[in-house]
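Peer 1: Dropping a structure here in structure tokens format, bear with me for questions.
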Amino acid sequence: GEQVEQRPPHLSVREGDSAVITCTYTDPNSYYFFWYKQEPGASLQLLMKVFSSTEINEGQGFTVLLNKKDKRLSLNLTAAHPGDSAAYFCAVRTGGNNKLTFGQGTVLSVIP
Amino acid sequence: GPKVLQIPSHQIIDMGQMVTLNCDPVSNHLYFYWYKQILGQQMEFLVNFYNGKVMEKSKLFKDQFSVERPDGSYFTLKIQPTALEDSAVYFCASSLAAETLYFGSGTRLTVL
């Protein structure tokens, strides 16, 4: 089945710096991709969902890039601020089934 | 955004006892899911449920696990009997179509 590898597991950046989190997946039939943010004790908050036909997806303060050839999905926070400190998870949906396969998560710390 | 509520947020029980985890999904959603997250590890799919039936389950969904949503009330995960390795955070999710999942904040289960 689908396998998703997320890196890095921990990331510490200074306020105003960029932060990049990357996921690679194995199944070429994967067609929907998600990024979730989880603050301590809270639920997973959907940041963005990406369909496989869109390579560059702009959000508020971040960009999600999808490279289908390399089977890589990345979340790029352009100018991190302390409110971005949280755990981030990528998730992948593969054609024909109704479940998400998650990456291992990245704990991001933004230092003021 | 849509909210999924999970009750309780923490539960501590003795090994061998039964436990029921409750989830109040988004009101018009049709698909329901349980995921398991052991501390520091990735979220793993347990089961999804639609139209009163289990649609798909993983190998983590042992025979001791069961799910139901009687009369459109809570979507529940029951474990009977519990084992030490069942200690984890259990996340419920729901979706309208088989697309974007909305997650609850999880129930931390500790089996002693």
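Laboratory data are not the source of any read-out in this text; all were calculated from the coordinates shown. The structure presented is a predicted model; accordingly, all values stated were derived computationally and were not measured. Reconstructed Cβ throughout: ideal geometry from the backbone, glycine too, with neighbour counts over all protein chains shown.
Peer 1: Using the structure shown, select from A:69/B:59; B:36/B:78; A:49/B:3 the pairs with a Cα to Cα distance greater than 19 angstrom.
Peer 2: Distance filter (> 19 Å) returns A:69/B:59.
Peer 1: Sorted from fewest to most neighbouring beta carbons within 10 Å, what does the list A:21, A:111, B:13 look like?
Peer 2: A:111, B:13, A:21
Peer 1: Expected output is a single nm value to one decimal: the length gained when fully extending between residue A:56 and residue A:7, i.e. 0.36 nm times separation in residues minus the C-alpha distance. What is it?
Peer 2: 15.7 nm is the gain from fully extending residue A:56 to residue A:7.
Peer 1: Taking R0 as 25 Å, what FRET efficiency do you get between residue A:42 and residue A:70 from their Cβ-Cβ distance, rounded to the nearest 0.05?
Peer 2: Efficiency, rounded to the nearest 0.05: 0.20.
Peer 1: Here's a follow-up. What is the sum of charges, Lys and Arg at +1 and Asp and Glu at -1, for the other residues whose Cβ falls under 14 Å from the Cβ of residue A:29?
Peer 2: +2
Peer 1: Show log10 I(q)/I(0) for chain A at q = 0.15, 0.22, 0.23 Å⁻¹, two decimals, from a solvent-free Debye sum over equal Cα scatterers.
Peer 2: -0.59, -1.21, -1.31
Peer 1: Residues with beta-carbon under 12 Å from that of residue B:45, excluding residue B:45: net charge, scoring Lys, Arg +1 and Asp, Glu -1?
Peer 2: Once positives and negatives cancel, what remains is +2.
Peer 1: Here's a follow-up. Quick one: net charge of residue B:76's neighbours, Cβ under 9 Å, K/R +1, D/E -1?
Peer 2: Once all neighbours under 9 Å are counted, the net charge is +1.
Peer 1: Follow-up. Based on the mean of other Cβ atoms within 10 Å per residue, sort peptides B:85-95, B:35-45 so the most packed one is first.
Peer 2: B:85-95, B:35-45
Peer 1: Moving on. Based on Cβ point charges of +1 for Lys and Arg and -1 for Asp and Glu, what charge dipole magnitude is obtained for chain A about its Cα centre, in debye rounded to the nearest 20?
Peer 2: For this selection, approximately 280 debye.
Peer 1: Dimensions of the protein assembly as shown along principal axes (Cα, Å, largest first)?
Peer 2: That gives 49, 38, 30 Å along the principal axes, largest extent first.
Peer 1: Next question, about the same structure. Give a quick list of trypsin sites (Lys or Arg not before Pro) in the stretch B:46-111 that DSSP marks as loop, anything other than H, G, I, E or B, with at most 11 other Cβ atoms within 10 Å.
Peer 2: B:59
Peer 1: Given the convex hull over the Cα atoms of chain B, what projected area results after averaging over all orientations, in nm²?
Peer 2: Reported value for the Cα convex hull: 6.6 nm².
Peer 1: Using only the Cα atoms of the stretch A:1-56, what are the Rg and Dmax in Å?
Peer 2: 13.5, 39
Peer 1: Neighbour counts of other C-beta atoms within 10 Å: give me B:10, B:29 arranged from fewest to most.
Peer 2: Listing B:10, B:29 from fewest to most nearby Cβ atoms yields B:10, B:29.
Peer 1: Any idea what the dipole of the protein assembly as shown comes to, in debye rounded to 20, about its Cα centre with Lys/Arg Cβ at +1 and Asp/Glu Cβ at -1?
Peer 2: Roughly 280 debye for the protein assembly as shown.
Peer 1: Turning to a different aspect of this structure: With Rg and the Kirkwood Rh both taken from Cα atoms, where does Rg over Rh land for the stretch A:40-84?
Peer 2: Taking Rh as the inverse mean 1/r over Cα pairs, Rg/Rh reads 1.02.
Peer 1: Take peptide A:34-41, look around each residue's Cβ out to 10 angstrom, count Cβ atoms belonging to other protein chains, and average those counts.
Peer 2: 2
Peer 1: Mind checking B:35-48 for the average number of partner chain beta-carbons within 10 Å of each residue's beta-carbon?
Peer 2: For peptide B:35-48, the averaged partner shielding equals 4.
Peer 1: When the chain is fully extended, how far beyond the present Cα-Cα distance does residue B:64 get from residue B:85, taking 0.36 nm per residue of separation?
Peer 2: 6.3 nm
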